[in-house]
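What follows is one structure encoded as structure tokens, with my remarks underneath.
The values are calculated or read from the model by the stated rules, or taken from the named source; none is laboratory data. All values reported here derive from a predicted model rather than from experimental measurement. Counting neighbours? That spans all protein chains shown, and the Cβs are built from the backbone with ideal geometry, glycine included.
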Amino acid sequence: MAGDLPEYYFRIRENGAAVFKVDTENRQRRIEMEEIAIVNVRNGNIKPHGDRKLTGEETAIVTDWLEKRVATLAARDIDDIFRAIDHMNLTTQWVQSKATDAQLDDVTDSLLLAMHDLRSVLVRKKAERLMKGPETDE
């Protein structure tokens, strides 16, 4: 089992991860994890833990993880939006076919305000994109 463990472990946190070096080659034959860095996904900072200096290999591993994590989070964001679209459609069907008057009284104002806010932002953003014109790849 110990041979199957990765050399580094990333404990996910709200803004990134704590990075640990995994050690299984010790006298007690226990799994030990030494914290070596903190990674911030939002700004890309990699901060060594304490007085530790990261090796070039460690920095490369953490940077690679950071790039993959940013891509994963971006894909999840888009997936969440498509799920929201599905949920809006399901909500429409619920309103049309199942909702009681009391249930509609509970949700109508909140839904209308949220949809108005979303529509306003979408229209403004689309207008901004149209005003820019077609983007050119350089």
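Observations on the model:
- Verdict on ARG11 being surrounded by 10 or more Cβ atoms within 10 Å (Cβ to Cβ) and not in a helix (DSSP H, G or I): yes
- Residue among GLU57, GLU35, GLU67 that is surrounded by 12 or more Cβ atoms within 10 Å (Cβ to Cβ), without any contact (Cβ under 8 Å) to a residue 60 or more places away in the chain and not in a loop (DSSP other than H, G, I, E, B): GLU35
- Against the criterion of being touching a residue at least 40 places away in the same chain (Cβ under 8 Å), surrounded by 10 or more Cβ atoms within 10 Å (Cβ to Cβ) and not in a loop (DSSP other than H, G, I, E, B), PHE20 does not qualify.
- Screening GLY50 against (1) touching a Lys or Arg at 6+ places or on another chain (Cβ under 8 Å); (2) at positive phi leaves a single unmet condition, (1).
- Residue that is farthest from ALA17 (Cα to Cα) [pool: residues in the stretch 70-106 that are β-branched (Val, Ile, Thr) and part of a helix (DSSP H, G or I)]: VAL95
- Hey, ARG69 at pLDDT 95 or above, out of contact with any strand residue (DSSP E or B) (no Cβ under 9 Å at 6 or more places or on another chain), within 29 Å of LEU118 (Cβ to Cβ) and among the basic types (Lys, Arg) or not: no
- Scanning the stretch 85-113 for residues that are surrounded by 11 or more Cβ atoms within 10 Å (Cβ to Cβ) and either of a type in the set (A, V, I, L, M) or modelled with pLDDT under 95 (or both) turns up MET88, VAL95, ALA99, LEU104, VAL107, LEU111.
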